[in-house]
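Everything on this sheet refers to the single structure shown next.
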Amino acid sequence: MIRLTDEQWERIRNHFPEEHIVDGRPGRKPIPTRRVLEAVLWLLNTGAQWHMLPQSYPNYKTVHRRFQAWCRDEILRRLLTDVANELRDRGALDEEECFIDATFVMAKGGGAEIGATKRGKGMKIMAIVDRHGLPLSVSTHAANHHEVRLVQLCFDFYMIEAKPENLIGDRAYDSDPLDEELRRDGIEMIAPHRANRSKPPTQDRRRLTRYMRRWLVERFFAWIQWQRRILVRWEYHAHNFLGFVQLACLIILFKRF
């Protein structure tokens, strides 16, 4: 069974509304939110279908209904933001040097925000991580969008107030308009030029040495993909899949306390 420690639960409990059932009403009693969250974490870890939830957890229909409400009301997003800012206050997050990338996820459950690519129908998980590989932004998008066009959308999901000083990506982010757009926000984009680039070079080779540490964002994707529910999108609604991704990030951040 997946269990939260008392310390972890006390840190996040105020973000979750408890189920309210009128006193004296016949029928079942309210299910504690902690038990529902632990059931969702079991599904995240195993990748099992909802109806395969063990009997030691609440009924899967109750768990599914409550989880959808959390995703719809962006409770998990606000929770992740508060945890990230608490870690930054403790000095565990460092936004001076950040890394951006995307990973492809096959989508087999249908629904919205799915794009067709050479690898099949799916979506992208976009992430910005700090110099320790900890998530500062995570979002999901249809896979047929180019990553350059998704950078600003990533900042819509940015968790802490301070923006990165240096943002490091691969050749997919070689775009002069993107460089100018980010520079207006005080962010310096560092990305090697494409092999077929015809415009004059704009990158400083000394600053490009930071690119050697881009493995940190690849390691982050490996971390969240230890949670089997992330490997394939089975959720019909995109915000439900994003909720599982956000919970995977929460598990990573919890390990820093």
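Pick out the one residue from ILE114, ILE168 that is closer than 17 Å to PHE244 by Cα and either without any contact (Cβ under 8 Å) to a residue 40 or more places away in the chain or aliphatic (A, V, I, L, M) (or both).
It is ILE114.
Only one entry of ILE75, ILE128, ILE100, ILE114 meets the criterion of being closer than 17 Å to GLU235 by Cβ, of a type in the set (A, V, I, L, M, F, W, C) and in contact with a strand residue (DSSP E or B) (Cβ under 8 Å, 6 or more places away or on another chain), and that entry is ILE114. Among residues of the range 1-17 that are in contact (Cβ under 8 Å) with a residue 24 or more places away in the chain and under 20 Å from CYS71 (Cα atoms), those with a beta-carbon under 8 Å from a residue that is open to solvent by 100 Å² or more (accessible area, probe 1.4 Å) and part of a helix (DSSP H, G or I) at least six positions away or on a different chain give the pairs HIS15/ARG78.
Per this entry, VAL63 is counted among residues that are free of Cβ contacts under 8 Å to residues at least 40 places away in the same chain and either of a type in the set (Ser, Thr, Tyr) or open to solvent by less than 20 Å² (accessible area, probe 1.4 Å) (or both).
Inspect all residues belonging to the range 26-42 and state whether any of them is open to solvent by 40 Å² or more (accessible area, probe 1.4 Å), at negative phi, of a type in the set (Asp, Glu) and free of Cβ contacts under 8 Å to residues at least 60 places away in the same chain. For the range 26-42, residues open to solvent by 40 Å² or more (accessible area, probe 1.4 Å), at negative phi, of a type in the set (Asp, Glu) and free of Cβ contacts under 8 Å to residues at least 60 places away in the same chain: absent.
Residue selection: ALA39 fails the criterion of being small (Gly, Ala, Ser) and either within 17 Å of the chain's Cα centre (by Cα) or assigned to a strand (DSSP E or B) (or both). Counting only helices (runs of 4 or more DSSP H) that fall entirely inside the range 122-224 and contain at least 1 residues that are surrounded by 13 or more Cβ atoms within 10 Å (Cβ to Cβ) and among the acidic types (Asp, Glu), the qualifying elements are 176-184, 215-224.
Scanning the range 225-254 for residues that are part of a helix (DSSP H, G or I), open to solvent by less than 10 Å² (accessible area, probe 1.4 Å), in contact with a strand residue (DSSP E or B) (Cβ under 7 Å, 6 or more places away or on another chain) and not aliphatic (A, V, I, L, M) gives PHE241, CYS249.
Among the residues here, ARG194 qualifies as of a type in the set (D, E, K, R), in contact with a Lys or Arg (Cβ under 9 Å, 6 or more places away or on another chain) and either touching a residue at least 60 places away in the same chain (Cβ under 8 Å) or farther than 30 Å from ALA112 by Cβ (or both).
Quick check on ASN196: is it at pLDDT below 90 and not charged (D, E, K, R)? Yes; evaluated as a whole, the condition is true for this residue.
The values are calculated or read from the model by the stated rules, or taken from the named source; none is laboratory data. Just so we're clear, the structure is a prediction, and the values are computed from it rather than from any experiment. Cβ: placed from backbone, ideal geometry, glycine included. Neighbour counts: every protein chain shown. These accessible areas exclude ligands, DNA and RNA; they are computed on the full protein's heavy atoms, side chains included. Shrake-Rupley method; radii C 1.70, N 1.55, O 1.52, S 1.80 Å.
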